[in-house]
1. Would it be correct to say that ARG225 is of a type in the set (D, E, K, R), farther than 16 Å from ALA143 by Cβ and either surrounded by fewer than 15 Cβ atoms within 10 Å (Cβ to Cβ) or in contact with a Phe, Trp or Tyr (Cβ under 9 Å, 6 or more places away or on another chain) (or both)?
2. Scan the range 54-112 residue by residue and report those that are farther than 24 Å from ARG211 by Cβ and under 12 Å from the mean Cα position of the chain (by Cα).
3. Residues that are more than 17 Å from the chain's Cα centre (by Cα): list the helices (runs of 4 or more DSSP H) wholly contained in the range 214-277 that include at least 1 such residues.
4. Out of the residues in the range 24-63 that are surrounded by fewer than 21 Cβ atoms within 10 Å (Cβ to Cβ) and aliphatic (A, V, I, L, M), state the one that is nearest to GLY185 (Cα to Cα).
5. Here are the criteria: (1) without any contact (Cβ under 8 Å) to a residue 60 or more places away in the chain; (2) surrounded by 14 or more Cβ atoms within 10 Å (Cβ to Cβ); (3) acidic (Asp, Glu). Tell me which single one GLU171 does not satisfy.
6. Determine, yes or no, whether THR219 is hydroxyl-bearing (Ser, Thr, Tyr), within 23 Å of MET144 (Cβ to Cβ) and surrounded by 21 or more Cβ atoms within 10 Å (Cβ to Cβ).
7. How about the range 174-197: which of its residues are within 13 Å of PHE66 (Cβ to Cβ), aliphatic (A, V, I, L, M) and either surrounded by fewer than 18 Cβ atoms within 10 Å (Cβ to Cβ) or in contact with a Pro (Cβ under 8 Å, 6 or more places away or on another chain) (or both)?
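Please treat every number below as a calculation from the coordinates, not as lab data. This one's a predicted model, so the numbers in the text were calculated from it and none came from an experiment. Note: ideal-geometry Cβ built from the backbone for every residue, glycine included; neighbour counts use all protein chains shown.
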Amino acid sequence: MRARFVDVKGVRTRILYEGKGPALVLVHGLGGLAEHWIRNIDELASDFFVVAPDLAGHGFTERIRFDGDAPHAKTVDHLLNLLDELKIDQYYVCGSSYGALISSLLYLKAPRRMTKLILCGTGSVFHSLEDQAKALTGAYNNAMSAMRDPSLETCRKRLGNICFDPNVVPEATALANLNSIAMPGVIEAYEEAIRGMMDVEKVRPHRVLERLEEIRLPTLVIWGREDPRGIYQRAVDNMPRLPNARLVTFEKCGHLPFLEHPAKFNQEIRQFLLKAS
């Protein structure tokens, strides 16, 4: 696994990357960073060119001002601009939680560039507005428990709180999270983004639940049965609305199946992406 910074239209953007072959973009969730994929990048790099960016205002990527708006549109544009800068025209995308929402919006904005889509534990895509308000409140309280008192232990606990077994959290991921919190503007960027996501009227144009029928490319939905941030039944109920999708359930798994059960996750991803459509 390697790391580099890319200038994306003036926004200093960090990526983790490795491998050769078809591009696979891994998109972390709100308040996360590329190290969430630390157990997947090298394994999947045997078949793909894997790119895991820190989204704008996350990790070690510079902040984008949303000017009181919801973060969705500018986040999607920043991701598209990064892919252009990396000269990646066609790609697979795997998004987690809010990152899956961004991935879905990326497809809806540039459908011809995405080949297959993986949605991982994403209440952001499948929740009602009421469901999502509760999930975001929980996410905010959990994140601020570490951001207001940053230490290796609080960062480890923050991630452990959304896993079925809190002991699975990689030390390197918790440490990267701690270091990123020390970056100027990271806490303010998180608060601006989540406030924008909590504004019902501002997020309404960026809702994907009402547009599921438009996601026509092959799609894999992965969900932890015990996910505290995403309501599993919402995914089950809405799967028939996705024209070309399959749901895979991870048992004894919370919000981060790629981190909690990496071997199974990597196998599912590899089989899905390498199978002829």
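1. Numbers: of a type in the set (D, E, K, R): yes; farther than 16 Å from ALA143 by Cβ: yes; either surrounded by fewer than 15 Cβ atoms within 10 Å (Cβ to Cβ) or in contact with a Phe, Trp or Tyr (Cβ under 9 Å, 6 or more places away or on another chain) (or both): yes.
Considered against the rule, which asks whether it is of a type in the set (D, E, K, R), farther than 16 Å from ALA143 by Cβ and either surrounded by fewer than 15 Cβ atoms within 10 Å (Cβ to Cβ) or in contact with a Phe, Trp or Tyr (Cβ under 9 Å, 6 or more places away or on another chain) (or both), ARG225 comes out as yes.
2. Of everything in the range 54-112, those that are farther than 24 Å from ARG211 by Cβ and under 12 Å from the mean Cα position of the chain (by Cα) turn out to be ASP54, HIS58.
3. Numbers: elements: 232-238, 257-260, 262-274.
Output list reads 232-238, 262-274.
4. ILE38
5. Every condition holds for GLU171 apart from (2).
6. On the way: hydroxyl-bearing (Ser, Thr, Tyr): yes; within 23 Å of MET144 (Cβ to Cβ): no; surrounded by 21 or more Cβ atoms within 10 Å (Cβ to Cβ): yes.
For THR219, the condition - hydroxyl-bearing (Ser, Thr, Tyr), within 23 Å of MET144 (Cβ to Cβ) and surrounded by 21 or more Cβ atoms within 10 Å (Cβ to Cβ) - is not met.
7. Our first condition is that a residue be within 13 Å of PHE66 (Cβ to Cβ); within the range 174-197, this holds for 185, 188-197.
From the residues that got through so far, the ones that are aliphatic (A, V, I, L, M) too are 189, 193-194, 197.
Scanning the range 174-197 gives ALA193, MET197.
Yes or no, residue by residue, for (1) outside any helix (DSSP H, G or I); (2) surrounded by fewer than 23 Cβ atoms within 10 Å (Cβ to Cβ); (3) among the hydrophobic types (A, V, I, L, M, F, W, C):
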position: LYS87; (1), (2), (3): yes, yes, no
position: LEU106; (1), (2), (3): no, no, yes
position: ARG112; (1), (2), (3): yes, yes, no
position: GLN132; (1), (2), (3): no, no, no
